[in-house]
Structures are given as C-alpha cells and as structure tokens.
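Working notes, beginning with the structure itself.
Just so you know, all these numbers are worked out from the coordinates, no wet-lab data involved. For clarity, every value in this text was computed on a predicted model and none was experimentally measured. Note that each Cβ is placed from the backbone with ideal geometry, even for glycine, and that neighbours are counted across all protein chains shown.
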Amino acid sequence: MNEGSQTASLLLLLLPLLLIGFMLYSARKRQRTMAEFSASLEVGEEIYMTSGIRGRITELDDEHARVEVAPGTVLTIDRRAIGMKVDSTASSAESEPTDEGRD
C-alpha cells in the first residue's frame, strides 16, 4: 500500500512541473514567432494594427513605425502594435468593383 502512495505523490509532483514546462515552451515559441514577424516587416506593406486599424507602413525603425491610415494621415506607433499583414489577394479583391446588382 505504501508503494501506491509514493507513486501518487510522484505524479502530483510531476504533473504541475510538466504544465509549467509546457507553458514556458509555448510562451517562448510565441515570442520567437512575434520577433520573426516584426523583423519581416518592410516599408510599403499594408498591415492591420492590433486595434483593427488598417494602413501602409511608410517608415520603420527599431521600436516605432509610421503608418499612413488615410491620405495625409500618418500615425507613429510601437512596432508591437502591428498585428498582421494584409493579404494582397484579399486587398485586391476588395478594391475591384463588382457587377452584382447591375442589369
């Protein structure tokens, strides 16, 4: 009976350690992915900010980006506020007029 108790105690010790290890691994992987994304940004690319604002990058430096959100309106933002790049195929489909509803 004593051996079963030791096994249960060992499991109770190992399970939280495995959970903490998995959480640290996931956080590092997410941090590495974000660093790679930030490094891949280039001037002229269309992006979405984490707030949902869409714009085009006009300038980049190590910590900040200048994003044109409307003609003549440029915002200076932290690079970490850039959420994703705009898919070029989706943006061209949005800008093309459609013939739906016409006779």
| said: I need the full set of residues from the stretch 18-48 which are among the aromatic types (Phe, Trp, Tyr) and not in a helix (DSSP H, G or I), in order please. | reply: Tyr48
| task | Considering (1) part of a loop (DSSP other than H, G, I, E, B); (2) in contact with a Phe, Trp or Tyr (Cβ under 9 Å, 6 or more places away or on another chain), say which one Ser51 fails and leave the rest. | result | (2)
| query | Hey, does the stretch 19-29 have a residue that's farther than 30 Å from Val86 by Cβ and either of a type in the set (Gly, Ala, Ser) or in contact (Cβ under 8 Å) with a residue 40 or more places away in the chain (or both)? | reply | yes
